[in-house]
Amino acid sequence: MIGFVPKTHLRYVQFKTRYATDKTDTVTVIEMFLVLVVVLSLGLAQGGTWSNPTCAPGRHTITHLFEWKWSDIAAECERFLGPYGYCGVQISPPNENRVVTSPNRPWWERYQPVSYKLTTRSGNEDDFRDMVQRCNKVNVRVYADVVINHMTGSGGSGTGTGGSHWDGNSLSYPGVPFSSWDFNSGSECQTGDGNIHNYNDPNEVRNCRLVSLVDLKLSKDYVRDTVAGYLNHLISLGVAGFRVDAAKHMWPGDLRSVFGRLNGLNTAYFPSGTKPFIYQEVIDMGHEAIHASEYTGFARVTNFIYGIKLADVFRHRNQAKWLRTWGQQWGMPNSNDVVVFIDNHDNQRGHGGGGGVLTFFEPRAYKMATEFMLAHPYGFTRVMSSYKWNRNIQGGDDINNWQGPPHNGDMSIKGATIQSDMSCGNGWVCEHRWRQIYNMVAFRNVVMGTTMANWWDNGDYAIAFSRGNKGFIVINAGTTDINVNLQTGLPQGTYCDVISGDYNNGGCTGNQVHVGGDGHAHFHISHSSDDPVVAIHIGAKKGSEKKVTT
Ligand code: ARE
Ligand code: CA
């Protein structure tokens, strides 16, 4: 773990040094206190305590291996995510869930907790421990999706994936244990049926039931302690952070109180006192009473505007030239407050306020949007990794959007096999293994810390920009060819275009780009190309010593 120093530690070290060299004998206790206050508030302004991604050095993107088995994820960390420079993997909820058989084992059954035992279709606690250990060993972090707003849907009873009994009528979850005292009821939620109807009433959104899921009373210490106990169990096993499901449906104060109960990350893998990275699922499209800004400042939020706006651009509904001001100027939160993505497991299938985002079903536009995301400095990036389902749109709705992951006859999840061209088999899409995507994950690692520069556009749908003097990308999303000479900002040399091929053993398997002594290079990109994008960076410069992915 050499070299991994969280920002907060660095700031402390700088403070100590300045204090020791400048004014050792004149500093008073009051001055020290004031400096401390300034240092602490700076820390909060920069994104606060749980907002720092806990990646290993030089890694900056996670992928969501939606519905993968733990044993497959362990193997994927070792054979792909580690070597190709991914920071980490978001996993499906690891806790025991309701078994739904009608429809037959939909993916969404995992969002109905029965207990916090680590037994699901993805594996048991031993598989989980093995996965986290093996991933951490190759510097790949594990981020768990945690469902702590609710338990199962109301009504019904049964046995969960871990063998625990549950009863959604009497609100009994002995595997935790939770009983009816631990849930919000008529005194907290005033809607007639106990469900959320009005998203403009913050009280209703937080205290009533989301799609009838029985709502935990997070104002109670017992509930806070129990939920924090579950998260601390995951921390003890070596996870690096959490995606908090349905965060909008919990009061920010309750969440802060739960997070405040969390231990530092496991010191077998992280420096002592490292806080988990936390990103909260808050869907804020700007027209409801609850705002993402209530949740930023102490942890990050998922930015849902991002993918929708980029879909507009790459579907030719808004010229790419406007992307020059992409980021906060588009009404989105601070870069340090968000996790960004093109699609997620909900909106790729029309759940979760979805619809309209780009997905693997439209690979050409999807790749362009993802390339832009990974090249641009805004936000902490997440790459979706999906499985195929039989999409069937009837009257605007996908009637098969419930379908679970590829499975065997006994409904166990099918393994993700790897084919000779590096793509996945058995129905797994594996967008994270698409060359245009994994090579841009490496691009982002190489250019991290630089700002956007050398912007160019053709006044329409073709754009280009550099990241400092380390990387340059040209995207022709328009309907005419471009044939231009552009300032790349890069040192002279021959570079591999990492979109059309790889950088391998000092050479290029795809196209090459020659950057002259004045930083200029020539780009000819046909509008009808499958991949109308060229990207170059100093880690894939011909003749440089080795492949740079981290
Ligand atoms: C399923 C059935 C329901 C049934 C329920 C209980 O589909 O018919 O009533 O079970 O028996 C996922 C699925 C749900 C599924 C649920 C539990 O998407 O269909 O319900 O699992 O199995 C809102 C929330 C947001 C949430 C989305 C889906 O604010 O937090 O709805 N997203 C997360 C996860 C989901 C998951 C859950 C939460 C629940 O990512 O995968 O649900 O754990 C506007 C609002 C949004 C709102 C959106 C959709 O855009 O701004 O806030 O999102 O509409 O209503
Ligand atoms: Ca709630």
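The values are calculated or read from the model by the stated rules, or taken from the named source; none is laboratory data. All values derive from a computational prediction rather than experimental measurement. Quick reminder, even Gly has a Cβ in these numbers, built from the backbone with ideal geometry, and neighbours come from all protein chains shown. Side chains are part of the model used for accessible areas, which takes the heavy atoms of the whole protein and leaves out ligands, DNA and RNA. Shrake-Rupley method; radii C 1.70, N 1.55, O 1.52, S 1.80 Å.
Things to note:
- Some residue of region 98-118 being away from ligand 1 (no atom under 16 Å from the Cβ) and open to solvent by less than 60 Å² (accessible area, probe 1.4 Å): yes
- Top-ranked residue of region 288-309 - restricted to ones that are out of contact with any Asp or Glu (no Cβ under 6 Å at 6 or more places or on another chain) and not hydrophobic (A, V, I, L, M, F, W, C), ranked as farthest from Val383 (Cα to Cα): Glu288
- Taken together, Arg224, Arg324, Arg243, Arg261 contain a single residue that is in contact with a strand residue (DSSP E or B) (Cβ under 7 Å, 6 or more places away or on another chain) and either more than 16 Å from ligand 1 (Cβ to nearest atom) or more than 29 Å from Lys367 (Cα to Cα) (or both), which is Arg324.
- Cβ-Cβ contacts under 6 Å between residues 6 or more apart (or on different chains), taken from a first residue in region 201-220 that is under 19 Å from Val176 (Cβ atoms) to a second residue that is more than 10 Å from ligand 2 (Cβ to nearest atom) and assigned to a helix (DSSP H, G or I), are listed as Leu216/Val223; Lys217/Asp182; Lys217/Val223.
- Selection of region 138-171 for residues being closer than 12 Å to Asn95 by Cβ and more than 16 Å from ligand 2 (Cβ to nearest atom) yields Ala144, Asp145, Gly160, Thr161, Gly162, Ser164.
For (1) within 30 Å of Ser466 (Cβ to Cβ); (2) open to solvent by 10 Å² or more (accessible area, probe 1.4 Å); (3) within 19 Å of the chain's Cα centre (by Cα), each residue gets a yes or a no:
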site: His287; (1), (2), (3): no, yes, no
site: Ala320; (1), (2), (3): yes, no, no
site: Leu358; (1), (2), (3): yes, no, yes
site: Ala375; (1), (2), (3): yes, no, yes
site: Arg391; (1), (2), (3): no, yes, no
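- Checking each residue in region 503-525 for being at pLDDT 95 or above, farther than 19 Å from Met368 by Cβ and not in a strand (DSSP E or B) picks out Thr509, Gly516, Gly517, Asp518, Gly519.
- Residue pairs whose Cβ atoms lie under 6 Å apart, sitting 6 or more positions apart in sequence or on different chains, and linking a residue in region 240-251 that is free of Cβ contacts under 8 Å to residues at least 12 places away in the same chain to a partner that is more than 10 Å from ligand 1 (Cβ to nearest atom), do not occur here.
- Residue in region 150-179 that is most open to solvent (accessible area, probe 1.4 Å), counting only those that are β-branched (Val, Ile, Thr) and over 24 Å from Met250 (Cα atoms): Thr159
- For region 186-265, the helices (runs of 4 or more DSSP H) that sit wholly inside it and include 2 or more residues that are open to solvent by less than 30 Å² (accessible area, probe 1.4 Å) and among the hydrophobic types (A, V, I, L, M, F, W, C) are 221-236, 252-259.
- Selected residue (only one of Phe380, Phe298, Phe277 is buried (at least 16 other Cβ atoms within 10 Å of the Cβ), over 29 Å from Gly468 (Cβ atoms) and under 19 Å from the mean Cα position of the chain (by Cα)): Phe298
- When Gly327, Gly350 are checked against the criterion of being of a type in the set (Gly, Ala, Ser), open to solvent by 10 Å² or more (accessible area, probe 1.4 Å) and in contact (Cβ under 8 Å) with a residue 12 or more places away in the chain, a single residue qualifies: Gly350.
- Matching entry among Ser219, Ser180 (being of a type in the set (S, T, N, Q), more than 9 Å from ligand 2 (Cβ to nearest atom) and out of contact with any helix residue (DSSP H, G or I) (no Cβ under 9 Å at 6 or more places or on another chain)): Ser180
- With respect to being within 16 Å of ligand 2 (Cβ to nearest atom), modelled with pLDDT of 95 or more and closer than 30 Å to Lys137 by Cα, Asp245 fits the description.
- So Trp70, is it open to solvent by 10 Å² or more (accessible area, probe 1.4 Å) and touching a residue at least 24 places away in the same chain (Cβ under 8 Å): no
- Screening Ser544 with (1) more than 20 Å from Thr370 (Cβ to Cβ); (2) surrounded by 14 or more Cβ atoms within 10 Å (Cβ to Cβ); (3) modelled with pLDDT of 95 or more; (4) out of contact with any Lys or Arg (no Cβ under 9 Å at 6 or more places or on another chain) gives one miss only, at (3).
Each row is one residue, and each column tells you yes or no for (1) under 25 Å from Leu118 (Cβ atoms); (2) of a type in the set (D, E, K, R); (3) away from ligand 1 (no atom under 13 Å from the Cβ).
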{"position": "His165", "(1), (2), (3)": "yes, no, yes"}
{"position": "Pro177", "(1), (2), (3)": "yes, no, yes"}
{"position": "Asp182", "(1), (2), (3)": "yes, yes, yes"}
{"position": "Asn195", "(1), (2), (3)": "no, no, no"}
{"position": "Cys208", "(1), (2), (3)": "no, no, no"}
{"position": "Lys220", "(1), (2), (3)": "yes, yes, yes"}
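- Count of region 157-184 residues which are of a type in the set (Gly, Ala, Ser) and in contact (Cβ under 8 Å) with a residue 24 or more places away in the chain: 7
- Residues in region 183-203 that are more than 10 Å from ligand 2 (Cβ to nearest atom) and either within 17 Å of Pro252 (Cα to Cα) or among the basic types (Lys, Arg) (or both): Tyr199, Asn200, Asp201, Pro202, Asn203.
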